[in-house]
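Enquirer: Below are the structure tokens for one structure; questions will follow.
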Amino acid sequence: MHEAALRAAGLEGSYQALETPPAFLHARLLEVRRGFAGVNVTIPHKENVLEYLDEISPEAKAIGAVNTIVCDQGRLVGYNTDALGFIYALDEAGIAYRNKKALILGAGGAARAIAYALKEAGARVAVYNRTRERAMALCEAMGLQLISEPLLTTEVLGCDLLINTTSVGLKDPGSSPLPSGLLPQTGVVVDIIYNPPTTRLLHEAREAGRVTLGGLPMLVWQGALAFELWTGIKPDVQVMYAAARAGLQNLSSL
């Protein structure tokens, strides 16, 4: 996706996946300081990386997670493009969120970004997570509604926007973060997993006639925002979409 954007913009450079075990995170960032324009950060490093940065943008500080780092003359500056990338994905799909009731499943780095973005945009945000303490910490930090297990069914049925940010459905496409048949009565269902492109949750929602959105748009838009931070140039988003779809198709054929 980023390689395609670089070529389309006529820029030299490359984008590589760097396997980074948790114990090697600090050493990897020293390497980034020496020779990179910037990097993306993914799980499990989005929160732990903060302590190694020289500066953190206001939205990343409020979210408590970084997914994009810019190396500015050896200084590492952390950003979070997941938040705005999610909003751009909703806008592109014509999905309303202002003054709507949103229920987020999960409480990790992506959940924090999405919760922040939705609240800033005027949505009423609730969070459910199987590990209650993690959800409680997120809700207390951002002033969100904590949903306990006994209330989950009622909250799912009544929400306008259901967002799965957990990894359920990623490694096992036959699994879902919700009991079978439990869906919003009229609300939109979003799953930020992009591989597979249609998770069980999305399949069940579509079968039930709900509006759905997969994870590819958020992936592309957060990437486009990161690309602009690194290069100062707005990328061709349609080029990034095409490259991302081709890459995912290649993965699925392996």
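Enquirer: With respect to H2, is the statement that it is closer than 17 Å to V237 by Cα and open to solvent by less than 50 Å² (accessible area, probe 1.4 Å) true?
Expert: Here the answer is yes, as H2 does meet what is asked.
Enquirer: Being over 30 Å from N40 (Cα atoms) and of a type outside the set (D, E, K, R) is true for just one of G158, G106. Which residue is that?
Expert: G158
Enquirer: Please verify whether A126 is out of contact with any Phe, Trp or Tyr (no Cβ under 6 Å at 6 or more places or on another chain) and modelled with pLDDT under 95, treating the condition exactly as stated.
Expert: So A126 fails the test.
Enquirer: Shifting gears a bit: When the residues of segment 81-95 are filtered to those that are in contact with a Leu (Cβ under 7 Å, 6 or more places away or on another chain) and open to solvent by 40 Å² or more (accessible area, probe 1.4 Å), which remaining residue is farthest from A224 (Cα to Cα)?
Expert: A93
Enquirer: I'd like the residue in segment 118-137 that is open to solvent by 50 Å² or more (accessible area, probe 1.4 Å) and not basic (K, R) and, out of all such residues, is nearest to T165 (Cα to Cα).
Expert: Only one residue fits best here, namely T131.
Enquirer: Also, I was wondering about something else. Can you tell me how many residues in segment 96-117 are in contact (Cβ under 8 Å) with a residue 60 or more places away in the chain, of a type outside the set (A, V, I, L, M), in a loop (DSSP other than H, G, I, E, B) and surrounded by fewer than 24 Cβ atoms within 10 Å (Cβ to Cβ)?
Expert: Counting residues in segment 96-117 that are in contact (Cβ under 8 Å) with a residue 60 or more places away in the chain, of a type outside the set (A, V, I, L, M), in a loop (DSSP other than H, G, I, E, B) and surrounded by fewer than 24 Cβ atoms within 10 Å (Cβ to Cβ) gives 3.
Enquirer: Only one of G78, G13 is touching a helix residue (DSSP H, G or I) at 6+ places or on another chain (Cβ under 6 Å), open to solvent by 50 Å² or more (accessible area, probe 1.4 Å) and farther than 21 Å from V127 by Cα; which?
Expert: Only one candidate qualifies: G13.
Enquirer: If you take just the helices (runs of 4 or more DSSP H) that sit entirely in segment 144-254, which of them hold at least 3 residues that are open to solvent by 10 Å² or more (accessible area, probe 1.4 Å) and in contact (Cβ under 8 Å) with a residue 24 or more places away in the chain?
Expert: It comes to 152-158, 216-231, 237-253.
The values are calculated or read from the model by the stated rules, or taken from the named source; none is laboratory data. Quantities reported herein were computed from a predicted structural model and do not represent experimental measurements. Because the Cβ atoms are built from the backbone with ideal geometry, glycine has one as well, and the counts that use them run over all protein chains shown. Surface areas here come from the heavy atoms of the whole protein model, side chains and all, with no ligands, DNA or RNA. Shrake-Rupley method; radii C 1.70, N 1.55, O 1.52, S 1.80 Å.
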